[in-house]
Amino acid sequence: MSLKAILFDFNGVIINDERIHLQLIDEILIQENLQPQKVQERQASLGRSDRACFQELLANRGRVVSDDSLTQLLNSKAQAYVLEVEKLEKLPIYPGLEDLIYQARSRNLHLGIVSGAVRQEIELVLNRAKLAEYFTVIVAGDDITTSKPKPDGYLLAVERLNQEYPELNLLPQECLAIEDTPAGIAAAKRAQMQVVGVANTYPFHMLQRCCNWTVDYLSDLELERVQKIFSGGEFQAIVSEC
């Protein structure tokens, strides 16, 4: 079995924008006359879709909203995100990303994004960073009704890559996922994918317990070595959930 595709998480892997997201979520809660996030709620939100986070935050505060109202809140956050990002002179793209993309393309690997962020936010960043052309498939939070740690987003990415490239005959086991949170890692594992954990959000030692490979930085990922392991079928055992 060979490595055919690399699927990236977005927030925490491509762009370091956690501060912006947490700030905007709090602002929306306050606008709704609700308490901002508690520390444990902020931690629990990492790696999950905006829809899932808002559903849980609102439920924790006794607020029941319709799907339409929830969508309006998500749209408000996306619009505010656009304004915040446009203020930035330089996007906080993680170092090593562009080199990793170059390595992957030189090996004819297909690239995709699987994220809980809404498409508007993802496309804004990719276009501004001049990276959009490299990602054939994007599965965003508004493409599915579930959230990581469920595997649906990753499985949909495989389906879409096969639609785009029928000759690829891609299997989930032929994909490498790059994630930074326990929820994202669990989603990729449940989709039967090998996982790289990058210690942008959680400590290296925590990710090491549940990933096939763990790196401090994207630039540390030895893609050639990973590809050889795929070709040889000698995958590292995943010991446990994070």
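The values are calculated or read from the model by the stated rules, or taken from the named source; none is laboratory data. On a predicted model such as this, the values are computed, not experimentally measured, just so you know. Counting neighbours? That spans all protein chains shown, and the Cβs are built from the backbone with ideal geometry, glycine included. Just the protein is used for accessible areas: all its heavy atoms, side chains included, with ligands, DNA and RNA removed. Shrake-Rupley method; radii C 1.70, N 1.55, O 1.52, S 1.80 Å.
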Within the accessible area of the chain, what % is carbon and sulfur when the probe is 1.4 Å and the other protein chains stay in place?
47
Find the accessible area per residue for segment 106-237; the probe is 1.4 Å, ligands and nucleic acids are left out, and the unit is Å².
44
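Pairs to check: K77/K148; K38/K148; K90/K148; K189/K228. Give those whose C-alpha atoms are more than 26 Å from each other in this structure.
Beyond 26 Å: K90/K148.
Taking N as the number of residues in segment 193-232, what is its alpha-carbon radius of gyration divided by 2.2 N^0.38 Å?
Details: Rg = 10.3 Å, N = 40, 2.2 N^0.38 = 8.9 Å.
Taking N as the residue count of segment 193-232, the ratio is 1.15.
Test of understanding: express the Cα radius of gyration of the chain as a ratio to 2.2 N^0.38 Å, with N the residue count. Could the numbers behind the result be given before it?
Numbers: Rg = 17.6 Å, N = 242, 2.2 N^0.38 = 17.7 Å.
Compactness ratio reported: 0.99.
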Ranked by how many other beta carbons lie within 10 Å on average, peptides 79-91, 13-25, 161-173 from highest
13-25, 161-173, 79-91
Tell me what the chain gives for mean residue ellipticity at 222 nm when only DSSP H runs of n ≥ 4 count, each as -39,500 (n - 2.57), the sum divided by the residue total, rounded to 500 deg cm²/dmol.
-14000 deg cm²/dmol
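For segment 17-87, what is the convex hull (Cα atoms) projected area averaged across all directions, in square nanometres? Intermediate values should be presented prior to the final figure.
Numbers: hull surface 17.9 nm².
Answer in nm², one decimal: 4.5.
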Anything in the chain that counts as a DSSP H helix reaching 27 Å or more along its axis (C-alpha) with Kyte-Doolittle mean of at least 1.6? List them, would you?
none
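Can you work out the FRET efficiency for the pair Q31 and T145, with r the C-beta to C-beta distance and R0 = 25 Å, to the nearest 0.05? The partial results should precede the final answer.
On the way: r = 25 Å, r/R0 = 1.00.
The pair Q31/T145 has a calculated efficiency of 0.50.
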